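The values are calculated or read from the model by the stated rules, or taken from the named source; none is laboratory data. All values derive from a computational prediction rather than experimental measurement. Positions of Cβ are backbone-derived with ideal geometry, glycine not excepted, and every protein chain shown enters the neighbour counts.
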Amino acid sequence: MPGIIEVDDLVKEFRTFERREGLIGALTNLFHRDYRTVRAVDRITFVIKPGEMVGYIGPNGAGKSTTIKMLTGILVPTSGYIRASGYIPWKQRSEYTKTIGVVFGQRTQLWWDIAVVESFQLLRRIYGVSDSDYKARMKRFDEVLELGRYLHTPVRKLSLGERMRCDAAAALLHNPPVLFLDEPTIGLDIVAKENIRAFLKQVNQEFGTTILLTTHDLSDIEELCQRLMIIDHGRLLFDGRLEELKHRLWRESTIKVDFRDREQAQRFEALSLPHIKTEKLGELTYRLTFDREERSTADVIRQVVLNADVLDIAIEEQSIEEVVKRIYLGGVFEAAAR
Amino acid sequence: MNTTVLLEFSRIGFLNMLAFRLRYYTGVVTYFINVCVYYFIWKAIFAADPSFAGFQFEQMMTYVAVGWIIRSVYFNNIDMEMATDILEGKISMVMLKPVNLQLTYVARALGEAAFRLLLLTAPTSVVIVLVFPVLPPASLGHFAAFLLSLLGSVLLVGSINFIIGTFAIRLKSILGLLRAKFWMQELLSGLLVPVTLFPAPLEAISGVLPFQHIGFTPMMIYLGKYAWPEIARALAVEFLWVVALLWFGNWFWDAMSRKITIHGG
């Protein structure tokens, strides 16, 4: 299956002007400027198939937003190739933008001072959405996002959560085959986040919309995306399924066990459990750490429960944040490969 | 892009202004004060020479009063708004839509003009006409030609401001350029003094620039200073400027937008 988004060897460089310090420096700047070239996106290649939901993550300044801006046709690449829904975004901007929806978490796509519904009306005209489609879609959006209550409020008076719901709906009013979201859940409370995620899931399933989203909230990825791309310093570090990332870098599991009394705890201590690291946290509480590749969680629990009287067991999920932090800090993939 | 979309953008321009209507109540006072200032200046000049530069005092007073009244229609800050949109990165919002960016801004200028006509020009004219001796238009035909020329003024200001706003792509600070253009427009449009009073070199410069068609041309038509063939010629030149500036603006934006850089966020 050909990709709906194809990116090959994409590069974006910015030229920044280095200021000299001090008065003499300022005067020198008037006549001679030193420019420095910064490579924000460095030879990225990937293909996204229709209907995929892909998470695009990386630390601040990694090049995520720059990539999105090139994919949406706002920025012109320095070199490399982009083809999305059959167009070259920056060259055929006007036709191309009809086939995409864009949500920027930090910046609304709606008109700031006018009522939300006015923005929707304008978008309807711009994209030539028929009256019946408009009504049907607004009804669907209202069901999931509950827009009705603030449709007549100016955007500037909406809370961030309300605004994001409106932005998400606005981006999908023309039912585009491709949707780009740049940090769609940034700053939202848990209810609003859930709301947006449910909406994206539904759109993806119902219309087969291809979705590429950047985020710092990894639970977005866990809930929405089968595929994950990690970028740092403009380079693509990982491109694959979330399970694969877990398999390679997220193998450690931890469970916390409370024993009934001291006697039971001693019975547990007497056991010899291979490949399990035991740590005493309190009088009757222990933490067991093991590699999921070597022992399954169920197996470990069974061994403990069969040998000692247990009051409580809690499985502690190692957060994906920890894994990603390790990737950002560098060297993880090289280490994992060895 | 069809006309419905253009109308829709004009409507948005109108509604946008409606959100800040209070600003325009103070505008009435500002325009009134400006006309007062010129009233006293010209009164002093005409006391010395009753047919100064081929104008009667009433004619000059009408030139000033109606000149300011039409300024309240054609004036807009699209250049500054566009520059802000570019510098703050909000321009991406327009760039992500399948519309011609220039037309959206010019349509917005038209919407603003309609708004100003209702909420600023109407009350301002009532006040000015009641207080100062303002002559009626030379004839009904002249008035129609004047209105057509005024539509040209709105389009001229819109297309010039679009070009000025586009400069923000390459400039870190656009304030200086905005100021320079503002005063050039105020002076060369003939708002402060009729362009026929300029010293010869300045009048020559003014002749090859579009600015005088913003204010001077409609006023000359209003006062009946032009015969019909002259009116036809003036209108033709004015609208040729509109077409040329729109064309250039579109090309200029296309060339410049490839260099756009929106960092962060």
I'm trying to understand the selection: among the residues of segment A:291-308, which are modelled with pLDDT under 85 and closer than 12 Å to A:LYS256 by Cα? A:THR297
Taking the options A:THR37, A:THR97, A:THR28, name whichever one is buried (at least 16 other Cβ atoms within 10 Å of the Cβ), polar (S, T, N, Q) and without any contact (Cβ under 8 Å) to a residue 60 or more places away in the chain. A:THR97
Close pairs from segment B:182-206: first assigned to a helix (DSSP H, G or I), partner among the aliphatic types (A, V, I, L, M), Cβ under 7 Å, at least 6 apart: B:GLN185/B:ILE214; B:GLU186/B:LEU192; B:LEU188/B:LEU209; B:THR196/B:ALA53; B:LEU197/B:ALA53; B:GLU203/B:VAL195; B:SER206/B:LEU188; B:SER206/B:VAL195
Given the criterion touching a Lys or Arg at 6+ places or on another chain (Cβ under 6 Å), under 16 Å from B:PRO123 (Cα atoms) and buried (at least 19 other Cβ atoms within 10 Å of the Cβ), identify the matching residue among B:VAL73, B:VAL28, B:VAL35. B:VAL73
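Given the options B:THR26, B:THR3, name the one that is β-branched (Val, Ile, Thr) and more than 11 Å from chain A (Cβ to nearest Cβ).
Only one candidate passes the filter, namely B:THR26.
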List, please: which pairs have Cβ atoms under 9 Å, are six or more places apart or on different chains, and start with a residue in segment A:253-272 that is closer than 12 Å to A:VAL304 by Cβ and end with one that is at pLDDT below 85 and assigned to a loop (DSSP other than H, G, I, E, B)? none
Sole miss for A:VAL129 among (1) more than 14 Å from chain B (Cβ to nearest Cβ); (2) aliphatic (A, V, I, L, M); (3) buried (at least 16 other Cβ atoms within 10 Å of the Cβ) is condition (1)
For A:VAL117, work out the one condition from (1) at the interface with chain B (Cβ under 10 Å from one of its Cβ atoms); (2) surrounded by fewer than 18 Cβ atoms within 10 Å (Cβ to Cβ); (3) in contact with a His (Cβ under 9 Å, 6 or more places away or on another chain) it doesn't fulfil. (1)
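Could you check, for segment B:94-117, whether at least one of its residues is over 25 Å from B:TRP251 (Cβ atoms), under 21 Å from the mean Cα position of the chain (by Cα) and among the small types (Gly, Ala, Ser)?
yes
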Of the listed residues (A:TYR134, A:TYR56, A:TYR81, A:TYR87), the one being more than 10 Å from chain B (Cβ to nearest Cβ) and closer than 23 Å to A:THR215 by Cβ is A:TYR56
Which number in (1) surrounded by fewer than 18 Cβ atoms within 10 Å (Cβ to Cβ); (2) within 14 Å of another protein chain (Cβ to nearest Cβ) marks the one condition that B:ALA44 misses? (2)
